[in-house]
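> I'd like to ask you about the structure that follows.
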2 protein chains.
Amino acid sequence: MMGARVARLVVIGGGAAGMSAASAARRTDPGLDVVVCEAGGFAAYGMCGIPYYLGGTVPEPENLLAYPPSAFREKRGIDLRLHTRVTGIDPAARQVRLAAGTPAARAPSATRGEPLAYDALVVSTGADPVRPPMPGLDDRRVFTIRSLDEAIGLRRLLASGTVRRAVVVGAGYVGLETAEALVCAGVDVDVVEALPGVLGTVDEPVAALAQAEVERHVRLRLGARLEAVDRGSTPAGCLTAVVEGEEIPADLVVIAVGVRPATDLLIQAGARHLPDGSVVVDAGMRTSLPDVFAAGDAVALPHLVLGRPAWVPLGPAANKTGRVAGTVAAGGTASFRGVVGTAVVKVFGLEVARTGLGLAEAQAAGLDAVATDEVSRSRAKYYPGSSPLHVRLVHTREGRLLGGQLAGREGAAKRVDVLATALHAGFTVEDLAALDLSYAPPFAPVYDPVLAAAIKAARGLAAFTGGSP
Amino acid sequence: MMGARVARLVVIGGGAAGMSAASAARRTDPGLDVVVCEAGGFAAYGMCGIPYYLGGTVPEPENLLAYPPSAFREKRGIDLRLHTRVTGIDPAARQVRLAAGTPAARAPSATRGEPLAYDALVVSTGADPVRPPMPGLDDRRVFTIRSLDEAIGLRRLLASGTVRRAVVVGAGYVGLETAEALVCAGVDVDVVEALPGVLGTVDEPVAALAQAEVERHVRLRLGARLEAVDRGSTPAGCLTAVVEGEEIPADLVVIAVGVRPATDLLIQAGARHLPDGSVVVDAGMRTSLPDVFAAGDAVALPHLVLGRPAWVPLGPAANKTGRVAGTVAAGGTASFRGVVGTAVVKVFGLEVARTGLGLAEAQAAGLDAVATDEVSRSRAKYYPGSSPLHVRLVHTREGRLLGGQLAGREGAAKRVDVLATALHAGFTVEDLAALDLSYAPPFAPVYDPVLAAAIKAARGLAAFTGGSP
């Protein structure tokens, strides 16, 4: 044969990170053979939209897709194979093994149940929901919210009109967003959380605001652990969630107690990883295995405040690391600098945002950290719609900013980005207080809440050191 | 006499900057005698709230005051003298001269028409509206919007029911906010602007979006210069605004063609100033005159992108410089680092924001500047309320960020603060593209509009240099 062998990139996982990798690889090398193996029936959607589909805010599952599958196949020349599960990676042979027994292959280049060769591999298998080992979780009315396929099943159940009461286990981002979605869908909701507060990723004063908001809409049981789900005597009968001995009737149970890196394939193949199972990569998203890259919620990323890799599975970094992995795997140049752990969640009528380290996180990392809290307003006090905005800054006693958290009815979600930018820049609270931020009465007080908190923090430092403010 | 002479700080101007100075001085030295001379009848309010009072969004003028006058006198021990005009500064004698013929002095320490001695002086006389020299502007139905006293008169006229048509001259921030206020109050409005576009402080692509929004609500005449206001034959008759020979009938004319530093007192006393009349100060807000400080809209401030002092009269800097001037004048330590020119304005249903330099400004400053425009969305595309958001970045060909502008129905006002923070940090567009910004479907797409624009700009640089993205 005269023809040179066409190099092939295989991507495992067709989520946002995987499709970003495939698209970036295609842009980098238009001649590359790009194959994406996705175990589910959808590709190129993020987890973050699922609660809004569940609650009916988003009408159809297809609305959540960045592009329809046909766009990848026809417009970008990406061989996207849905319902295609990978069961193993053989880095020495440069091939992955596809699960047998799945529907017939769509592309002639590979058949299911057979090996698929690659020249470069991007693994973006994301994170799996944690399912605590306890009786009853195999009932078809017990859900985790991690795939669109599963969410379609859950919404169908909601549409059947048989769900009047639900128990949501877990009061983190996903648990609270799911609780809100169920309330939107007219369901009476109990939220059960083993920890003493909601939203473990924010500090107590901010979590308390979220808790008060949650309690306006659902029954919240804190410090309460799910022990079992009892399906009763008849299959159609009501479920019972057993929580600290108490029995809560439910037509539906959602388990949202966290996720773990879905890195079994990589770890079995020998990839270096952190104790939590997240896979270690370099700035080009290379794993320790030759020609194997990883991206998305499965990888540990440089945490720019901690100064070491950490597992912070969030959507924007998943997309960006996919783009970097695909570019580098296809022979291009790109690098990912790191994260500071910025996140925002809508908790019913409240915006709750965080970035960097919380106080306990900072102290656990050996930093001499303190926190400053200040309550300002989202707009000029006289302007209609102005509402309280809580800003918490975490910083060293010398003034280095380590993190920040905000909560309010409006204005928290994007103000946290100022703090995130300040963390990237290595700012002190004095630097923060000196920022020239925008002002007009409909949008902020003359001292933006971020400035007000920074000024208070800077004055506190002056008190520590005995200097003038 | 045995008693030591009590040091006195005099503040000229009781606006936000002046009252910030007085309060900061009081905090710094509780024993200081603090006197504020304010020519008008109100103190401690910002100009920025006036349009919302005019349009009825804010019911009473008192709503705009940070604190009532009595709070300064009784709670802070500040001798606030309203209706007290200063006519001269004598730095050699350390005294100011008060205008004669004003109401009797409220405090025994000084009588009107007599000198008032100071140990330190803070001048915060703000900016005066420009009144073009043309016939008819002395009519009582011709207004500028620069003091609350004047705004009360204007709102009283609106309440009389005699105003059906108004002409607003000038389509900058104040002109457009006033036009919106008048539309809110049920008035039919013509806006006349001599320049070819609205909002001269933003570049053409962003100004064009504002223009389209303005034209949905008022008749806008661009490139049209006011020549005269003709009051007709009877005093109660309709006014006529003469614009390029055309006669526009009006029951009210508002002149909003800009402001100039109100620094006559300082300049007459010999203070160093820029050609535009703004007064030069150091980081402690000291003027070139001994023991004379200046703060607020009258001063030139270090522009951190231009690297030289510039006159950018905006509310937050006015407040901060007041605080610094008062602290330093009272013997404390404080400094003001500078501005990047961040501003936001609500133009009917549109948010328009800017920071740093526009393209023409940057080129005029000798910088090899280019601009990158990207239109994204304010929320995830599938989330209700998501709307287009235009982001324009101005940067050097090597990638240094010089400025940014945003316009959209939502999400522009506080996103500009990320760009402002990046300017303070001296970021490149690659630095901007690497930021870990918050994401959740109700608040942003997974690539925030700021990131999307930065990624596009960074790719453009790669094209310039021939490198990979």
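The values are calculated or read from the model by the stated rules, or taken from the named source; none is laboratory data. Quick caveat: nothing in here was measured; it's all calculated off a predicted structure. Because the Cβ atoms are built from the backbone with ideal geometry, glycine has one as well, and the counts that use them run over all protein chains shown. SASA here: full protein model, heavy atoms, side chains in, ligands and nucleic acids out. Shrake-Rupley method; radii C 1.70, N 1.55, O 1.52, S 1.80 Å.
> Using modelled backbone amide H atoms (1.01 Å from N, in-plane), which distant-in-sequence or interchain residues come within less than 5 Å of A:Gly332's amide H?
Distant-sequence amide H within range of A:Gly332: zero hits.
> Determine the per residue accessible area of chain A with all protein chains present and a 1.4 angstrom probe, expressed in square angstrom.
Details: 17670 Å² over 469 residues.
Using a 1.4 Å probe on heavy atoms only, each residue of chain A averages 38 Å².
> With a 1.4 Å probe and every protein chain left in place, tell me how much accessible area A:Ser278 has, in Å² to the nearest 10.
Surface accessible to solvent at A:Ser278 totals approximately 0 Å².
> Taking the convex hull of the alpha carbon atoms in the protein assembly as shown, what volume per residue do you get, in Å³? Provide the component values of the computation, followed by the final result.
On the way: hull volume 178.5 nm³, N = 938.
That works out to 190 Å³ per residue.
> With every protein chain kept in the model, how would you rank A:Thr396, B:Thr201 by accessible area, 1.4 Å probe, largest at the top? Show your work: numbers first, answer last.
Values: A:Thr396 15, B:Thr201 60 Å².
Accessible-area ranking of A:Thr396, B:Thr201, largest first: B:Thr201, A:Thr396.
> Name the residues of region B:355-400 whose accessible area falls by at least 40 Å² when all protein chains are present instead of the chain alone, probe 1.4 Å?
SASA drop of 40 Å² or more in region B:355-400: B:Lys381, B:Tyr382, B:Tyr383.
> Oh, and also: Can you give the average number of partner chain beta-carbon atoms within 10 Å of each beta-carbon in peptide B:41-50, as a whole number?
Numbers: counts 0, 0, 0, 0, 1, 5, 0, 6, 7, 1.
Whole-number average of other-chain Cβ neighbours for B:41-50 is 2.
> Could you tell me the total accessible area buried at the A-B interface, probe 1.4 Å, in square angstrom to the nearest hundred?
Numbers: alone 20470 and 20470 Å², together 35350 Å².
For A against B, buried area totals roughly 5600 Å².
> Taking one equal scatterer on every alpha-carbon of region B:273-354, how large is log10 of I(q)/I(0) by Debye at q = 0.12, 0.24 1/Å?
-0.36, -1.11
> Further, regarding this structure: So how do A:221-227, A:9-15, A:194-200 stack up, highest first, on mean other-Cβ count within 10 Å?
A:9-15, A:194-200, A:221-227
> Next question. Can you pull a Stokes-Einstein diffusion coefficient for region B:225-323 at 4 °C (1.567 mPa s), Rh from Kirkwood over Cα pairs, as a whole number of µm²/s?
Working: Rh = 16.2 Å.
In µm²/s, the coefficient rounds to 80.
> A further question on this structure: Can you give the direction-averaged projected area of the convex hull of the alpha-carbon atoms in region A:11-61, in nm²?
4.0
> Shifting gears a bit: What is the P(r) of region A:335-469, as percent of Cα-Cα pairs per 5 Å bin from 0?
2, 12, 20, 24, 20, 13, 7, 3, 1, 0
> Next up: Could you work out the mean projected area of the convex hull around the alpha carbons of region B:15-161, in square nanometres to one decimal?
Working: hull surface 42.8 nm².
Averaged projected hull area, Cα only: 10.7 nm².
> Another question, if that's okay. At 37 °C and a viscosity of 0.692 mPa s, what translational diffusion coefficient does Stokes-Einstein give for region B:186-278, taking Rh as the Kirkwood radius over Cα pairs? Give it in µm²/s as a whole number.
Rounded, D is 205 µm²/s.
> Follow-up. Using only Cα atoms, tell me the angle between helix A:449-465 and the longest principal axis of chain A; keep it within 0 to 90° and round to the nearest 10.
70
> For A:303-315, what's the mean count of beta carbons from other chains sitting within 10 Å of each residue's beta carbon?
On the way: counts 1, 2, 0, 0, 0, 0, 0, 0, 0, 1, 0, 5, 8.
Neighbouring Cβ atoms belonging to other protein chains average 1 per residue here.
> Starting from a Cα-only point model with no solvent, please compute log10 I(q)/I(0) by Debye for region B:1-86 at q = 0.14, 0.18, 0.25 1/Å.
Here log10 of I(q) over I(0) equals -0.51, -0.76, -1.19.
> Could you pull out every residue, at least 5 positions away or on a different chain, whose amide H is within less than 5 Å of the one on B:Arg221? Hs are placed 1.01 Å off N in the peptide plane, and Pro or chain starts have none.
Close amide H contacts, sequence-distant or interchain: B:Val191, B:Val192, B:Glu193.
> Another one. Starting from the coordinates of the alpha-carbon atoms of region A:245-396, obtain the Kirkwood hydrodynamic radius over all distinct pairs and give the value in Å to one decimal. All intermediate terms of the calculation are to be shown ahead of the outcome.
Working: mean 1/r = 0.0541 Å⁻¹.
Answer for region A:245-396: a Kirkwood hydrodynamic radius of 18.5 Å.
> Mind checking region B:276-325 for trypsin sites (Lys or Arg not before Pro) that DSSP puts in a loop (not H, G, I, E or B) and that have at most 12 other Cβ atoms within 10 Å? Write out the running numbers ahead of the final one.
Values: sites: B:Arg286, B:Lys320, B:Arg323; in loops: none.
Loop-located and lightly packed - none at all.
> Over region A:403-454, what portion of Cα pair distances is larger than 15 Å, expressed as a whole percent? Before the final figure, lay out the partial values.
Working: 562 of 1326 pairs.
Taking all Cα-Cα pairs of region A:403-454, the fraction more than 15 Å apart is 42 percent.
> Here is a follow-up. Scan around A:Glu227 for amide H atoms under 5 Å from its own, H built in the peptide plane at 1.01 Å from N, and keep only partners 5 or more places away or cross-chain.
Sorted by chain and number, the residues that satisfy this are A:Val242, A:Val243, A:Glu244.
> Report ³J(HN,Hα) in whole Hz for each residue of region B:321-334, in order, from the Karplus equation J = 6.51 cos²θ - 1.76 cosθ + 1.60 where θ = phi - 60°; Gly and Pro get x.
Computed from phi, the couplings for region B:321-334 are 5, x, 4, 5, 4, x, 5, 5, 4, 8, x, x, 10, 6 Hz.
> Now for a separate question. Of the heavy-atom accessible surface of the protein assembly as shown (probe 1.4 angstrom), what whole percent is carbon and sulfur? Let's see the in-between values first.
Values: 18930 of 35350 Å².
That fraction is 54 percent.
> While we're looking at this one, here's another question. Going by alpha carbons, how many degrees (0 to 90, nearest 10) lie between the helix axis of A:204-215 and the longest principal axis of chain A?
Long axis of A:204-215 versus the principal axis of chain A: about 70 degrees.
> What Rg and what Dmax come out for region A:117-179 when only alpha-carbon atoms are used, in angstroms?
Both quantities, over Cα of region A:117-179: 15.4, 52 Å.
> At B:Asp119, label 7 Å along Cα→Cβ: distances to the other copies, nm, ascending?
8.1
> Counting only helical runs of four or more DSSP H residues, what would the 222 nm mean residue ellipticity of chain A come to if each run contributes -39,500 (n - 2.57) and the total is spread over all its residues?
Numbers: 11 runs with 112 residues, N = 469.
That comes out to -7000 deg cm²/dmol.
> Above 21 Å lies some portion of the pair distances; for region B:137-253, what is it as a whole percent of all C-alpha pairs?
For region B:137-253, the share of Cα pairs beyond 21 Å comes to 35 percent.
> Between helix B:16-28 and chain B, what is the angle of the helix's C-alpha long axis to the longest principal axis, kept within 0 to 90° and rounded to the nearest 10?
70
> While we're on this one: State the three equivalent ellipsoid semi-axes of region B:235-290, derived from the C-alpha gyration tensor as the square roots of 5 times its eigenvalues, in descending order and whole Å.
Working: eigenvalues 339, 27, 18 Å².
Its equivalent ellipsoid spans semi-axes of 41, 12, 10 Å.
> For region A:327-402, what is the largest minus smallest coordinate of the Cα atoms on each principal axis, given in angstrom and ordered from greatest to least?
57, 33, 22
> Restricting the calculation to Cα positions, tell me the Rg (one decimal) and the Dmax (whole number) of region A:290-330 in Å.
Here Rg and the maximum Cα pair distance are 10.6, 31 Å.
> Counting each pair of different Cα atoms once, what's the Kirkwood radius of region A:184-240 in Å, rounded to one decimal? Before the final figure, lay out each step's value.
Details: mean 1/r = 0.0757 Å⁻¹.
Radius from the Kirkwood sum: 13.2 Å.
> Can you tell me the alpha carbon radius of gyration of chain B divided by the globular rule-of-thumb value 2.2 N^0.38 Å?
Values: Rg = 24.0 Å, N = 469, 2.2 N^0.38 = 22.8 Å.
Ratio of Rg to 2.2 N^0.38 Å for chain B: 1.05.
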